[in-house]
Amino acid sequence: MRLPRAVLAAVLLASLAGVARADEPVNAIAMHGKPALPADYRHLPYANPDAPEGGSITYGVVGSFDSLNPFILKSMRTTARGIWDPEFGNLVYESLMQRSMDEPFSLYGLLAETVQMDDARTYIRFNLNPKAHWSDGKPVTADDVVFSFRLLAKKGRPPYSNRLNDVAKITKVGARSVRFDLKKSAGRELPLILAMSPILPKHAIDPGTFGRTTLEKPVGSGPYKVGDVEPGRSIVYKRDPNYWGKDLPVKRGFDNFGTVTVDYFLSQNASFEAFKKGIFDVFPESDPIRWRRSFNFPAVRDGRVVKDAFRAETPSGMYGFVLNTRRPVFKDRRVRHALALALDFQWINRNLFGDAYARTQDYWQGSSLSCFGVPASAYEKKLLAPFPDAVTKPVMEGTYKLPVTDGSGRDRTVLREAYDLLTAAGYHIDDGRMVDRNGRPLAFEVMTQNAGQEKIALAYQRTLASLGIAMSVRTVDDTQYQQRTLTFDYDVIVKNYPSSLSPGSEQIGRWASSSANVEGSFNYAGTKSPAIDATIEAMLDARSQHDFRDAVRALDRVLISGYYVVPLYHVDQQWIARWGRIRHPDTTPLYGYQLETWWDARARN
């Protein structure tokens, strides 16, 4: 039956209208689904738009710094905190859009007033806010955006150097718009990653010297300017009274302090003593023993220092001993599995931490993305079918669980299972030492950063010694640790892998084959696995929330089965102590407390 011409016209118009809606300018985008806030939102829900502005805050960190450029390999871990900072905020530089920490992965307009993107995500166009300008008064332009991406691709460090890999073309569209056309290989996350990339001022940067460390004060578009700098010791940021974005909805209730100072200390102990004296204002704590026992000094008892516990609705992440599989000793999965079994978590938790921790079983524990205790779905089985040896049967069936020991530090049953794995891998005991077929001992070094890590490593060392494994422990200073991790010059390190409800391209840097030999990447374990690569690709390409969840679970299963990390523990709270004049909003977002939204009670609007 032929439809009347009027009906055909209506269908065509509706179709065209749908296309237009997909491409029309919007002020927010989400990885999956739609952003939670309406187009006319007033502020992010975890910010206090009436927070007083002014006053000051001082942060304390352990380490040193010799550069104000956070985007190059040479100063990857020696840049002054705060320039571009996930904890203290991006005080100097900004991105095109800003992430809401109350949603899994949604972005709202910042330097870009609006964006345009098709449903297939083959391109994204950023339309700059006409009010945006640099701290020297010059406008932020499309030329700055193009310049930033090309400069970072050529001279930046990972991950910024990789962000054009899947971009087919960058096109300047007038003075204030830039369009990125994406290759077919680009994942659906790439438009959001581009939106979160730093934008630098073309007129204030010499590309010829950009790769060098520098203490020259940068020109940025952010809410603060760099003030006093004492290399290695302290850096002060002064709020820019002419900051262009202070009235944006995405910025209301943010950047409230008139002055932000970051002081550096040689050790955690020196830092804690300084906090007790009021030299700096907030002290995040992750050790439950210190939280219970050490925060009882006079200022806490009389109420001048307040202890806060925040509960984030996020996965546990993974904290543990990372085995560098670039080393021959860790090539065999059976060896790595044996080392994971041999860690006596019950002894460590009871004797070192008063049973304060829960054992971490997987990388997204405590969330819907976790595979722990969940059998693989049909989608997961199909995704993993080309890699039949990548996931062990218990992990695939959802029955996997790390052993619970008798807490003696030498549980014979568990150690026997570890011993059997080692013998299957070609090792045997010779004169009390675990050796391979050629008589080479099973020996390696754990490089630690501080006394807390060293304490855990020594407990692990004692258990491994009962298997004839020679594990040594070396604690190094911050500079040496940074350099050696940058070049993967270690056997084992202790690392934390935070997890979010929207894992994405950061997993490439942590686990993908392409990052295994890239100095400065976060692939500390040196993993090169086709199964890991395939699950990451599926995760990045997922269209539906269901497929995304199952792809993450499949990645979780491969990582667990690979035994690249010997899991330790986690807590389900965020602890931070603050001097009483420092206040925070009543609402805690999905990802936990956000220092950018705090304020000084002494300030007056």
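Only one of VAL260, VAL322 is farther than 23 Å from ARG578 by Cβ, at pLDDT 95 or above and crowded, with 19+ Cβ neighbours inside 10 Å. Can you tell me which?
Working: VAL260 fails: farther than 23 Å from ARG578 by Cβ.
Criteria check complete, one pass: VAL322.
Considering segment 55-148, the qualifying strands (runs of 3 or more DSSP E), each wholly inside and each with 3 or more residues that are more than 27 Å from PHE210 (Cβ to Cβ), run over 56-62, 106-109, 112-117. Taking the criterion of being of a type in the set (A, V, I, L, M, F, W, C) and at pLDDT below 95, the only residue of segment 441-466 that qualifies is ALA451. Filter segment 545-586 down to the residues that are in contact with a Ser or Thr (Cβ under 9 Å, 6 or more places away or on another chain) and under 17 Å from TYR46 (Cα atoms) and list them by number. GLN574, HIS584, PRO585, listed by residue number.
In the set (1) in a loop (DSSP other than H, G, I, E, B); (2) in contact with a strand residue (DSSP E or B) (Cβ under 6 Å, 6 or more places away or on another chain); (3) crowded, with 20+ Cβ neighbours inside 10 Å, the condition left unmet by THR588 is number (3). When every residue of segment 563-585 is checked against the conditions, at least one turns out to be assigned by TED's automatic domain parsing to the domain that holds PHE257, in contact (Cβ under 8 Å) with a residue 24 or more places away in the chain and out of contact with any strand residue (DSSP E or B) (no Cβ under 8 Å at 6 or more places or on another chain).
Assess whether ASP255 counts as being part of a strand (DSSP E or B), within 26 Å of the chain's Cα centre (by Cα) and acidic (Asp, Glu).
Details: part of a strand (DSSP E or B): no; within 26 Å of the chain's Cα centre (by Cα): yes; acidic (Asp, Glu): yes.
Judged against the criteria, ASP255 is not a match.
So, in segment 206-217, exactly how many residues are of a type outside the set (Ser, Thr, Tyr) and either touching a Lys or Arg at 6+ places or on another chain (Cβ under 9 Å) or not in a loop (DSSP other than H, G, I, E, B) (or both)? Counting residues in segment 206-217 that are of a type outside the set (Ser, Thr, Tyr) and either touching a Lys or Arg at 6+ places or on another chain (Cβ under 9 Å) or not in a loop (DSSP other than H, G, I, E, B) (or both) gives 6.
Among the residues of segment 375-430, those that are polar (S, T, N, Q), surrounded by 13 or more Cβ atoms within 10 Å (Cβ to Cβ) and touching a residue at least 40 places away in the same chain (Cβ under 8 Å) comprise SER377, THR392, THR405. Within segment 337-360, the only residue that satisfies the criterion of being assigned to a strand (DSSP E or B) and closer than 22 Å to GLU417 by Cβ is ARG359.
Does ARG327 qualify as being under 30 Å from ALA390 (Cβ atoms), buried (at least 19 other Cβ atoms within 10 Å of the Cβ) and among the basic types (Lys, Arg)? If you could, list the steps in order and put the result at the bottom.
On the way: under 30 Å from ALA390 (Cβ atoms): yes; buried (at least 19 other Cβ atoms within 10 Å of the Cβ): no; among the basic types (Lys, Arg): yes.
No: the conditions fail for ARG327.
When we screen GLU506, GLU454 for residues that are more than 30 Å from ILE72 (Cβ to Cβ), surrounded by 15 or more Cβ atoms within 10 Å (Cβ to Cβ) and in the same structural domain as LEU341 (by TED's automatic domain parsing), the only hit is GLU454. Looking at (1) closer than 30 Å to PRO45 by Cα; (2) in a loop (DSSP other than H, G, I, E, B), can you tell me which one TYR237 breaks? The single condition TYR237 does not satisfy is (2).
Quick check on this structure: which one of LEU190, LEU215, LEU152 is in the same structural domain as ASP263 (by TED's automatic domain parsing), crowded, with 21+ Cβ neighbours inside 10 Å, closer than 27 Å to ASP136 by Cβ and among the aliphatic types (A, V, I, L, M)? Give the steps one after another, and end with the answer.
Numbers: LEU190 fails: closer than 27 Å to ASP136 by Cβ; LEU215 fails: crowded, with 21+ Cβ neighbours inside 10 Å.
Going through LEU190, LEU215, LEU152 in turn, just one is in the same structural domain as ASP263 (by TED's automatic domain parsing), crowded, with 21+ Cβ neighbours inside 10 Å, closer than 27 Å to ASP136 by Cβ and among the aliphatic types (A, V, I, L, M): LEU152.
The values are calculated or read from the model by the stated rules, or taken from the named source; none is laboratory data. Quick caveat, the model's predicted, so the values are computed rather than measured. Neighbour counts run over all protein chains shown; Cβ positions are idealised from the backbone, glycine included.
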